[in-house]
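Here's the structure, in structure tokens; my notes come after.
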């Protein structure tokens with residue numbers, strides 16, 4: 001079954017909004033064995049929407065469309081679809097009642113714009129939107145279907161989860177598919193490709209690999225299709241094992257693992273607590289760790305000490321050290337990490353001090369110079385990074401580096 | 001001049017990577033007066049790429065393509081384009097020399113995969129990639145052009161900035177266009193639409209509005225096209241003024257302003273320093289503020305106090321208060337904010353304590369219960385939020401709320 005995704009909205013074309021809906025839809029459908037033919041983003045203009053419908057109905061069985069159903073003037077998808085199906089509109093009392101209940105719950109009154117949203121095409125099957133006002137719609141065209149949903153991501157996801165996915169799972173079936181993702185950290189795509197090339201040469205045609213590089217990490221997706229799930233599974237798992245052995249310590253996890261979740265699992269298991277003393281990363285490392293539910297079990301807390309003054313007052317860094325070696329120095333991060341251990345009940349601490357940029361660099365310490373330290377009181381390790389020139393990337397890359405440092409430290413010392 | 005963007009890669013279709021390249025390209029081109037016809041994402045298969053080329057050449061003058069130029073096995077764009085143009089490959093010494101210099105600088109040696117990247121189609125004009133190995137390519141087809149670039153965002157952006165945009169600016173000219181963005185915080189799209197509907201009714205055909213909702217914020221993009229830039233500018237600015245007056249305090253800035261940059265500007269101007277005491281937001285508020293270059297001028301630092309213990313030790317919150325009222329209470333955030341002011345040299349502090357979820361809720365204090373306090377020592381304000389159930393969104397929404405609280409506090413008190 002081939003699926004086309006159509007996202008509607010000038011804001012996507014001119015880049016004021018990044019289309020995250022397509023990626024989410026693609027991932028949900030691929031997991032269920034549907035093949036995503038393409039993603040097409042078009043403007044809020046009737047001819048563009050109509051042409052997208054025509055094209056997609058030609059080569060796909062299922063059309064998923066998001067956007068253009070909001071209450072404001074630039075949203076015209078519903079009318080265009082109705083015209084495409086030569087349909088008429090009616091006022092849908094059920095939708096209006098649902099919106100009224102939603103607003104009563106929020107202590108507000110529906111506006112005129114919300115009343116207008118209740119005019120629906122007669123041929124559409126209404127898909128309930130439990131998170132917002134605009135309902136989704138399902139149209140049939142022969143054996144093919146079109147599903148139109150609002151573009152607000154959490155509303156679209158609610159309609160998908162509650163209405164669309166159960167329907168697709170019921171009505172469409174696929175052959176066997178099997179997929180594993182190997183998650184690596186610390187090497188680039190080319191280095192990994194060189195290491196595992198001799199294994200990939202043995203891949204049969206029905207098994208493939210994709211490299212999915214991210215900030216400081218590369219995911220390897222091994223996927224296959226076949227007749228018999230058990231045979232396929234065994235084949236894929238065998239390759240996953242071979243690649244894992246070859247890559248060794250670069251592999252930190254599989255599938256839905258994240259570096260944060262893997263660290264969280266180890267800390268929970270070993271009953272260890274951590275704390276951070278962040279300077280140039282400004283709280284981002286703490287944010288990454290606290291993005292995991294339950295992180296309060298192992299994160300004691302953090303200090304974001306941007307100023308010299310706070311490094312001294314909160315972490316007992318010596319004024320002398322800061323004056324002699326500067327805030328961005330091995331000496332300072334060592335005092336920061338030990339101060340962080342002293343001021344908290346954490347077993348392990350990480351400290352970071354660097355120049356994220358774009359200002360603040362010197363010939364001696366250019367932008368991108370970052371010092372890190374990790375310590376459990378007995379053992380203290382330090383590391384100097386020399387990164388590139390972009391503030392945001394420097395902050396993110398440093399945090400990823402710190403996370404990997406913590407993962408390795410846990411592996412070595414505990 | 002109509003532009004089509006084509007992004008290539010199975011990873012985009014199955015949602016393992018979000019296509020941020022298209023948004024960036026769209027934004028850069030739209031700013032220069034190009035019209036983006038559509039964005040099409042297709043798989044790493046030759047027929048899909050070829051069909052995308054045919055379609056896009058049919059209705060656009062400029063094709064921008066990203067992805068599929070990397071050194072690994074799933075990247076086949078270059079070969080497919082060469083076939084499309086019935087072209088042959090040659091080994092490009094200049095590219096190989098550049099790659100060798102790049103690797104020497106990094107203290108590494110090029111791999112075989114990098115050598116293979118140096119085979120280029122003869123008809124292509126090579127576009128230098130200053131940030132990576134795979135070069136970009138430009139092909140002509142009559143009056144139309146195709147530009148193919150690697151999918152790694154910072155490599156693609158470097159090629160665009162250094163090679164493609166100067167070329168497009170030189171060779172293509174457009175009529176007058178003018179655009180302003182009004183940035184609001186604190187109301188939803190529908191509420192804003194209701195407030196300004198009577199102004200939008202006066203918009204002529206050549207001026208339009210788009211609502212661009214984000215987390216807790218809505219951007220209003222007013223754009224127009226015409227013959228005379230001065231006339232158009234006056235018209236658009238007049239509507240911007242009318243809408244700004246109508247929305248009043250909901251407007252926090254314009255165009256490239258962000259809530260963080262607006263706050264940073266006020267703090268710098270008034271020579272004020274801030275500090276945060278974060279619990280459930282886990283450093284995310286500090287991260288938002290420190291995403292702005294130069295924020296070290298006004299951010300003293302932050303405490304991320306996840307545990308009771310750290311709230312007491314670092315912020316002098318009374319043990320009694322925590323036991324009697326709980327960590328998520330008005331009493332606790334008041335003691336946190338005053339402790340934060342005491343322990344730093346900040347003029348203004350914000351404290352946050354809440355239950356981000358998914359665990360930790362009680363009937364009394366369900367997930368999404370968040371207390372905030374802001375204080376300058378003389379005046380302390382508190383606020384309770386009751387948010388929905390998603391951890392990530394709760395953290396983000398709370399940070400946005402805190403930023404708006406700070407903006408308003410600065411406006412009222414200074």
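The values are calculated or read from the model by the stated rules, or taken from the named source; none is laboratory data. Fair warning: this is a prediction, and the values are worked out from it, not measured in the lab. Reconstructed Cβ throughout: ideal geometry from the backbone, glycine too, with neighbour counts over all protein chains shown.
Residue B:20 fails exactly one of the following numbered conditions: (1) over 24 Å from the mean Cα position of the chain (by Cα); (2) modelled with pLDDT of 90 or more; (3) surrounded by fewer than 17 Cβ atoms within 10 Å (Cβ to Cβ). What is the number of that condition? Of everything listed in (1) over 24 Å from the mean Cα position of the chain (by Cα); (2) modelled with pLDDT of 90 or more; (3) surrounded by fewer than 17 Cβ atoms within 10 Å (Cβ to Cβ), residue B:20 misses just condition (1). Of everything in segment B:174-192 that is more than 13 Å from chain A (Cβ to nearest Cβ) and out of contact with any strand residue (DSSP E or B) (no Cβ under 7 Å at 6 or more places or on another chain), the residue that is surrounded by the most Cβ atoms within 10 Å (Cβ to Cβ) is B:186. Considered as a group, the residues in segment A:30-41 that are more than 8 Å from every other protein chain (Cβ to nearest Cβ) and within 20 Å of the chain's Cα centre (by Cα) include one that is modelled with the highest pLDDT, and that residue is A:32. For segment B:56-64, state whether one or more residues are in contact with a helix residue (DSSP H, G or I) (Cβ under 7 Å, 6 or more places away or on another chain) and farther than 29 Å from residue B:181 by Cβ. Scanning segment B:56-64, I find no residue that is in contact with a helix residue (DSSP H, G or I) (Cβ under 7 Å, 6 or more places away or on another chain) and farther than 29 Å from residue B:181 by Cβ, so the answer is no. Residues in segment B:133-184 that are in a loop (DSSP other than H, G, I, E, B) and farther than 27 Å from residue B:228 by Cα: B:133, B:134, B:135, B:142, B:143, B:150, B:151, B:152.
All of (1) outside any loop (DSSP other than H, G, I, E, B); (2) touching a residue at least 40 places away in the same chain (Cβ under 8 Å) hold for residue A:101 with one exception: (2).
Look at (1) modelled with pLDDT of 95 or more; (2) over 16 Å from residue B:303 (Cα atoms); (3) outside any helix (DSSP H, G or I) and you find that residue A:281 fails only one, number (2). Check segment A:42-61 and report whether any residue there is over 25 Å from the mean Cα position of the chain (by Cα), facing chain B (nearest Cβ under 10 Å) and in a loop (DSSP other than H, G, I, E, B). Yes.
Across segment B:1-21, the qualifying residues are those that are part of a helix (DSSP H, G or I) and in contact (Cβ under 8 Å) with a residue 40 or more places away in the chain, and the one among them that is farthest from the other protein chains (Cβ to nearest Cβ) is B:21. When restricted to residues that are surrounded by 15 or more Cβ atoms within 10 Å (Cβ to Cβ) and either more than 23 Å from the chain's Cα centre (by Cα) or outside the structural domain of residue B:55 (by TED's automatic domain parsing) (or both), segment B:145-166 contains 5. What tally of residues in segment A:367-388 results from selecting those that are surrounded by 14 or more Cβ atoms within 10 Å (Cβ to Cβ) and either within 27 Å of the chain's Cα centre (by Cα) or free of Cβ contacts under 8 Å to residues at least 12 places away in the same chain (or both)? Matching residues across segment A:367-388 total 5.
Look through segment A:209-230, keep the residues that are within 19 Å of residue A:35 (Cβ to Cβ) and surrounded by fewer than 18 Cβ atoms within 10 Å (Cβ to Cβ), and return whichever of them is farthest from the chain's Cα centre (by Cα). Ranking the candidates gives A:227 first. Is there a residue in segment A:290-306 that is farther than 23 Å from residue A:260 by Cβ, within 12 Å of chain B (Cβ to nearest Cβ), buried (at least 22 other Cβ atoms within 10 Å of the Cβ) and over 26 Å from the mean Cα position of the chain (by Cα)? Within segment A:290-306, one or more residues are farther than 23 Å from residue A:260 by Cβ, within 12 Å of chain B (Cβ to nearest Cβ), buried (at least 22 other Cβ atoms within 10 Å of the Cβ) and over 26 Å from the mean Cα position of the chain (by Cα).
Counting only residues that are out of contact with any helix residue (DSSP H, G or I) (no Cβ under 6 Å at 6 or more places or on another chain) and over 14 Å from residue A:148 (Cα atoms), segment A:118-132 holds 2 of them. Taken as a whole, the structure places residue B:360 among residues that are in contact with a helix residue (DSSP H, G or I) (Cβ under 8 Å, 6 or more places away or on another chain), at the interface with chain A (Cβ under 10 Å from one of its Cβ atoms) and surrounded by fewer than 24 Cβ atoms within 10 Å (Cβ to Cβ). Could you tell me whether residue A:82 is part of a helix (DSSP H, G or I), in the same structural domain as residue A:10 (by TED's automatic domain parsing) and either touching a residue at least 40 places away in the same chain (Cβ under 8 Å) or crowded, with 20+ Cβ neighbours inside 10 Å (or both)? Yes. The set of residues in segment B:198-208 that are more than 26 Å from the chain's Cα centre (by Cα), free of Cβ contacts under 8 Å to residues at least 40 places away in the same chain and more than 8 Å from chain A (Cβ to nearest Cβ) comprises B:198, B:201, B:202, B:203, B:204, B:205, B:206.
The number of residues in segment A:328-352 that are over 16 Å from residue A:378 (Cα atoms), crowded, with 24+ Cβ neighbours inside 10 Å and without any contact (Cβ under 8 Å) to a residue 60 or more places away in the chain comes to 1. Scanning segment B:215-233 for residues that are over 25 Å from residue B:247 (Cβ atoms) and part of a strand (DSSP E or B) turns up just one, B:226.
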